[in-house]
Every structure is written in structure tokens, then in C-alpha cells.
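The values are calculated or read from the model by the stated rules, or taken from the named source; none is laboratory data. Keep in mind it's a predicted model, so treat the numbers as computed, not measured. So basically every Cβ, Gly included, is an ideal-geometry build from the backbone, and we count neighbours across all protein chains shown. These accessible areas exclude ligands, DNA and RNA; they are computed on the full protein's heavy atoms, side chains included. Shrake-Rupley method; radii C 1.70, N 1.55, O 1.52, S 1.80 Å.
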Amino acid sequence: MQSLQGNNPIYQNPLVAWLVIVMLIGLSLLGASYLLYQKEHAKTTIAAQKLAHSHALLTNTILDNLHRIILAATQEYLDDPGPHNQEQLTQLLKHRQATNPHIMDLLILDGQGEIAVWTGSGSPPVARDHAYVQHHLNQTDSLSYISPPQLSRVHQDAWFFSLSRAIHNEQGELQAVGVAIISISAMEQNFGSLLDTENLSITLLHQNGQMLLRIPSHDQQTGVDLGAFANIPLPLPLLAPLTQDYSVGLDGKPRIAYFLPLEDHPLILATSASLEPALLTWRNNNSTLASLWLLFALFTLWIARKLARSVRNERATQALYQNLYAHVSDAIFLIEVQKHAPRFRFIGSNPAHARSTGIPNQKLQGKTPEQLLDSDTARQVNDNYARCVREKQSISYEEELALPSGQRTWMTTLNPVSNTYGQVSLIIGISRDITEQSAFTQRLKSITHNLPGFVYQLQMNPNGQMHYPYASENVVKLFDVSAEQVMADADTLLSMIHPDDYDRVMEESMQTVAQGGDWHGEFRMIHPAGHTLWVEAHDTPQTLADGSILWTGYVIDITEKKRIEEALSLSEAKFRMFVENANDVIYTLDPTGQLTYISPNWTEILGHPVEEAIGENIATYLHPDDRLHCQAFLRNVMEIGNKQGSIEYRIHHKNGEWRWHASSGAALRDQQGEIIAYLGIARDITERKIAEVHITHLAHYDALTDLPNRTLFFEMVQRALGTAKRQNGQLALMFIDLDRFKPVNDQHGHAIGDLLLQQVAERMSHTLRDADIVARIGGDEFVVLLHRIEHAEDALIAAEKIRHQLCQTFHINQLQLAISCSIGVALYPEHGQELTELSRHADIAMYQAKEAGRNNTQLFHPQMLKDA
């Protein structure tokens, strides 16, 4: 049998078709795998970039605040350098030091570099040899300076970096220098409290390459040269953001690093994200795709082999039937048909039936379906048995049954046996468990359903009669006829072939049979609705053992392709007119990114003359932050040749502004199939981008005060609670309600009330620390989150500062308005472990403050629950 199969080309052809289809699907899955990897890689890169930008904003805020402090103090020192003023300045700076965790020391130097005012105790140390002193003594034109990391001489084993501000007189002579000594460990704590995942890291570097801090730490020490220590070369000074992939990061795993130079300070914020989660997701998706591909390959191989097999030999003797009955894998069972109902009773079954159903033969014999099965299942099988008796012919059906062996899907055939009176007295049933096959068939149908066009098998018998053994369900999408109609009557589909093309199609198909090989043709078909379709067919003929010819192939609709080809062939001038009058910019690039063609509306949309832009590289007009992304997009198209979807970027307008464009396109090939250019279509989406930013802001911030709204605030609280739980920290949540606000609205109107709410928000924001959060959750209700408190007194002091600020008179449109506030405070973890509990307790404390006469602060106590 094996030799016959090996020498028979009829058997080999289906395998060739199977191999081609499996390889095509495999290549498609490889492409899908690559796209999945690119998607996961992009998500990881964006995570690193978002982290860098958010911490860059935090770092700039901290440094700008310190810069204001030392500049103001230095100016005040120069106004009155006397001892009395120095003492006042010392107290002021000590207060600033106590309220700002990032300050290690504050000091003011005179024009000779000697310390005049500082926040330390005892005699001032000698600072003249420090970098922040030497810098301003040697470079008289420098106003501000940030030093590399240094080890403190005053604070043991403490690392710092300094921010200094020099003031010169009109002759350029140094008058004084204000210096903020910034604690690197405080910066680490601040950064670490905001980093809520182990997959991300943050590193702060000086532009000279020295590391200030890294979170999490991997045995790197402050002050080391990161390039020499970790073999991470950087083009210093770094002037533009830089993204790098590292196959082995500091933790030994693949990572993506993003280096962001701070615009106003000689510092670099480097963030990295682990590629391990992305790679794990990618590998899992690959495993799923590979499993589906393997199942599909095995199933279709089975179909190909079945097409070449002959019908099984008939059983020779009754002994063979008995042997098959005992050993066949299909479940066989016998049912006695009793009169007067009819009523059905099981006579017996083979071993396979007992194994498959979980019902032993001895338990089955003599029982009715009602005695063995639940009522619904018994009714279902009785209906099928009654149908077999009524029709007096074999019937086959697929059914799902809940049996002792479990819920399974069966393909059952019932064969009636009649007595001498022509009455059905016995039913022979054969069932096969097709649970896995049914599930796989559904997946196969899903695959063919998503293929373009439809798959078919057309068979011509030796007598010339044709029929379709198989037609996929997609035939209804093309020709509005069902697969069942096509398989029942081949003329349903064949009669749709255009009369002018019918003879040619049949002749070419028969020539392919005679000559061997595959057939490919294009022809017209008349849709039942009356319009004409162009289709393209590919199939492989096979001569069966009985002389029948079987074509296996697929058909796709190429009507649109033909329409485009016809339109293109009509006139090149019409195409050029379309391009030159399009609303979008149409352009071509050579493989290096040089513009080789631009539609005339380029000038209308971006202001640059077309003749000036031709020959320029597209990167000339791109925003610096978007160039690498766009160049990678172009490189992928030019190297791979596949469409890459749409890309969004900023492009320079001649008037100086940046416009947002969305562009898509494809590679252009020469006659040899080599990629020679890129054709793109770009649309201006600036207004959409502005709207997206505005909508995003409106969704998370209060429209009146621009404070976080309820949704954003409680998301931030939830994250802060997670961080506090991991670090065993403490938080405070305040609920604040304004007193006597309603009379302001009633007496002066809502416009004055809105202005008052804006000033309330501004005062509270200025009263709190940079790391704390204030939000408006509705009406005159505000909430505050205090990070990193040590004691309940810290929260009460902050609350009293807010209450004191809001008691001060408000000046609005020549009106003097007086209000106050009632504040409720709840602490984590003392007053609640979860957000809901903590919020409820802060709210109860706020109402206790109202009942206590208003204009006061109440710290939650469990007794309040009983009072409430």
C-alpha cells in the first residue's frame, strides 16, 4: 500500500497543495509574530519614556524651587549684609531646610568665597575649595551651576550635589553666591516612592557622566562614571533624548534605556524598562500561533491523505463483523422498538460504547433512555429514535449529550431493521466521539472564514456531471448563495460564469489536467443581483481512481483590482490631476529619506515651496523628537517591503509652528521586484491632536480650579497606598469643606463664588509640599493627600496651615470676603488599610469638625463611628 501511494502522482498532488497552503499560513504567522514583537517592544519603550518625562518634571520642579529660595536669600543678604540680617537669614534658611526634605544645607558666600550665612551648627567650614565656589570665582560670567556628586565633609557618609546662584555687580565682580546642598539620599527616597514596579529603573546623572543616584540600586555607588562602570558609552554632553536597547542590562536582563537631558540643568535623567514581560507575552503568543498552525497542518494532511485513499474493503465474513463489533473504536448499540408508543429499550452495546459513555453493558441491557439518562437527554435521544422509525431509513446527526462520562459531542448514525411485516423492530446505532474534531473543525472554519475569497473542491465524474464536494462559507459573501446550495447543485455557481468566459475557463481547466500542474485564471461572473464581478481562481487538478477529476483551489474577488487597473490605464494625466488636487499630501522618498516627489498642496499645507523641498531629506522638516521613530518606520518599509500601518509625527511649518501629520504608504518596486522608493500619503491631524490633549485633561482635572478631579485623585491615592504598603510608610487623607461659602454664592452670585474657589485652590496648593496632592471633588469640597508623614502631628500641622490660610481675607473684584473651613483627617494605616475605609473615616472626622463649631480640624477617632 505504501509503494502504491508513493508512485501514484494522484496521491502526491494533494500533498503539494497541502504543503503550499501550510507554508503560506506559516509565513503569515511569522509576520504576525514579528508585528507582535514590535508592538510589545514599542509599549516597553513608551513606558521608559513616560517615566523619564514625569521624573524630569519632578526634578526640574525641585531644582527650580531651590533656585528661587537661594536667589531670594542671596538678594536679601546683599541688601543688608549686617550681623542682624545674617541672623534672620539663618533662621529663615533653617526653616526652609526643615520644610524641604531635599535640602541638606543652605549657605550664602560673600564675594571672596567665604561662608557668611549657613544652616549648620558651630563655626562655618571652609568652602573655598569646593567646586561650587571655585566655579563662580573662576568663571565670572556664570550665574548658576550644578556640581557633580560629592561626599559631605560636615554630614558623615552623606553624598550631595549643589545648586549655586551667583550675583555680580555692574562691573562683573562677584558679590555673593547662594548655595543649596541637595541630599542625594532624599532624592532617592522621593524617586523611589514614585516607582511602583520592579521592571523599571531610574538613574540621575551629571552631564560629566558621574552617577548621582539609581533606583533600584545594583551595587553602583554615587559618584562613579556610569560609562566606565557599566560599559554604557554616552555622547557627553548629551544634547538630545537618546533611546538604547541593551541585550544585557545592569540586572543581567534585556532592557530598553531612555536618556533625557534636562533642558535647564546639566543633568541627565536615564530610565530603563525590562524587556522580559514583553518577551514573555511575545513567546506565549508564538506558542499559541504555533499550536494552531500545527493542528491545522495535521488536520489538512489528514484530508489530503483521505482524498487519495480508496474505499475500504467490504467485510468478508460474519466473524469479521463480530470481531469489529467487539474491537471497533466506534460505539455500537442495539435498540428494541416496542409497539404502542413506540417505546425504546436497549438490548446491548459493544465495549467501545461502555468506555465512551461510562454505562456498562450489563447496566444498559433492558433499560429505557428514561431509566438511564436525565429527562432532557432522554427526550433528545427518543426524538431521534422516533424519527428513524418514522422515516424507515438511516439517519445521521451530530448531538451533544450529558452522559456519565461527561459532556461530549457525538456523530451518530441510526440504521432501522424491519420485520417481516415491514415494521421497524430494531435500530442499530453507531456513534463516534467527535468532541475534539468538532472543536478543531470550528477553528478551521474560522481560518477559512478569514481568508480572502472562498475555498472549494469541484469534481467532474466520468459521465461529465459536476458537483462541489466542498465549498467554504465565504462563498455567500461573494455570490450571495450558501455553501449548502453550491454543494447541492454545482450549476448554482457554474451558471454564474459570464457566457463570454465560460468556454475559455472550461478549456483551460481541462488543458491543465492533460498537461499537469496548477491552473490560474481570471474571468467574469454575473452576481444574482445583476452586476458583474471579476474573480481570480487558483486550483490543482487530481485524477481519482474511478476516473473522476477533482479540482482543489480557491477564488478571490478582484473586481476592485480590475477597476483600478482600468482606471490607471485610461490616462496618466487623470492620475496626475488626482494627485495634484488631493486634500492630503502625496509624496515619494528614496531609500535614504530624500524627497523625490511632493504634491503641490505641500506648499498650501506647510508653506514651504515644493521646488525648495525636492531633494531635501524628510528629516529636515521633522521634529527632533520624532526623527528616530520616523527613520525606523521608513527603514522597516524599505527593508521588509510590507505596509507598516500609519505613523504620526510633527512637521515644521514655514511660519515656525509644528503641525501634526498622520502618514501611511507602501514600498514601490521596480520590474525586478526590488524596492526603489516609498510612496506616502500624509494628512494634517493637528486639530485632532489638540482636541485629544484637551479631552484627556478635562477627564482628569477640575475645569474651574485645574486641580485633579475625583477620579484622578483617588487613582493617585490608590497608587500611594500601594507604595506605602510595600515601604511600611504612613499617609494622611484630609477632607476639607468650606464654611460660609453658600452665602457668598447667594449674595454675590456664582461668578464671584467661582473666583473664590480658584483662590482657595491656589492658597492650598502653595501651602502644601511639592509631593503632596490637593484636589477638588465637587462644590466647595476639597481633599488632600500627604505623603511620607512620621506622626499624626505632621498631618495636623499641615491641616492647620491650610485652615489658617483660608481664614485670611479674600480680595475679589473690590470685595473683601471671609470664609473658613472644616477639616477631617484620617491616617494610613492607623485609621484604615483600604481607600474606601480611609475615605469614610476622613469624611466622618470632617463632619465632626462641622458639628464642633466649624473652622477647626478633627483627627479621626473610632469613637466618632459611635457618635455618627
Helical contribution to [θ] at 222 nm, DSSP H n ≥ 4, -39,500 (n - 2.57), averaged over the chain, rounded to 500:
-14000 deg cm²/dmol
Quick one: Karplus J couplings for segment 678-692, per residue in order, coefficients 6.51, -1.76, 1.60, θ = phi - 60°, nearest Hz, x for Gly and Pro?
10, 9, x, 10, 10, 10, 6, 10, 4, 5, 5, 5, 4, 5, 4
Rounding to the nearest 10 and keeping the result within 0 to 90°, find how far the Cα-based axis of helix 318-327 lies from the longest principal axis of the chain.
10
Whole-percent carbon and sulfur contribution to the accessible surface of segment 733-868 (1.4 Å, no ligands, DNA or RNA) stands at 48
Which angle from 0 to 90°, rounded to the nearest 10, does the C-alpha axis of helix 559-570 make with the longest principal axis of the chain?
70
For residue 562, solvent-accessible area (1.4 Å; no DNA, RNA or ligand), Å²:
50
Any idea how far the Cα center of segment 447-515 sits from the one of segment 85-122, in Å?
92
For segment 673-712, count all C-alpha to C-alpha pairs, find those more than 12 Å apart, and express that count as a whole percent of the total.
70
Tell me, what % of the accessible area of segment 140-266 is carbon and sulfur with a 1.4 angstrom probe?
47
Leaving out ligands and nucleic acids, and using a 1.4 Å probe, what accessible area per residue does the chain come to in Å²?
53
Probe 1.4 Å - accessible area at residue 701, Å² to nearest ten
80
Treating only the Cβ of Lys, Arg, Asp and Glu as charged (+1, +1, -1, -1), what charge dipole size does the chain show about its Cα centre? Round to the nearest 20 debye.
3280
Any chance you could check the Cα centroid distance between segment 174-200 and segment 522-551 for me, in angstrom?
74
Compute the long axis of helix 624-640 from its Cα atoms, compare it with the longest principal axis of the Cα atoms of the chain, and write down the angle in degrees, 0 to 90, nearest 10.
20
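Could you grab the relative contact order for the chain? Cα pairs under 8 Å, six or more apart, rounded to a whole percent.
6
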Whose amide H sits under 5 Å from the amide H of residue 668, counting only residues 5 or more places off or on another chain, with H placed in the peptide plane?
676, 677, 678, 679
Under 15 Å from the Cβ of residue 422, count the other residues' Cβ atoms, weight Lys and Arg +1, Asp and Glu -1, and hand me the total.
+2
By what distance, in whole Å, do the Cα atoms of the chain stretch along each of the three principal axes, largest value first?
130, 80, 62
Note, ³J(HN,Hα) from phi for segment 528-544, Karplus 6.51, -1.76, 1.60, rounded to Hz, x at Gly and Pro
x, 6, x, 8, 9, 10, 9, 10, 10, 10, 10, 8, 10, x, 8, 8, 8
Round to a whole angstrom and tell me the spacing of the C-alpha centers of segment 670-731 and segment 27-41.
25
Among the GluC sites (Glu not before Pro) within segment 674-728, which fall in a DSSP loop and have no more than 11 other Cβ atoms within 10 Å of their own Cβ?
674
Note on segment 452-572: contact order normalised by length, alpha-carbon pairs under 8 Å, 6 or more apart, percent, works out to 26
With all protein chains present, segment 648-705 has a carbon and sulfur share of its accessible area (1.4 Å probe) in percent of 56
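Work through the residues other than residue 246 whose Cβ is under 12 Å from its Cβ and net out their charges, Lys, Arg +1 and Asp, Glu -1.
Details: positive: 253, 255; negative: 245, 251.
Once all neighbours under 12 Å are counted, the net charge is 0.
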With a 1.4 Å probe and all protein chains kept in place, how do 592, 705, 711 rank by accessible area, largest first?
592, 711, 705
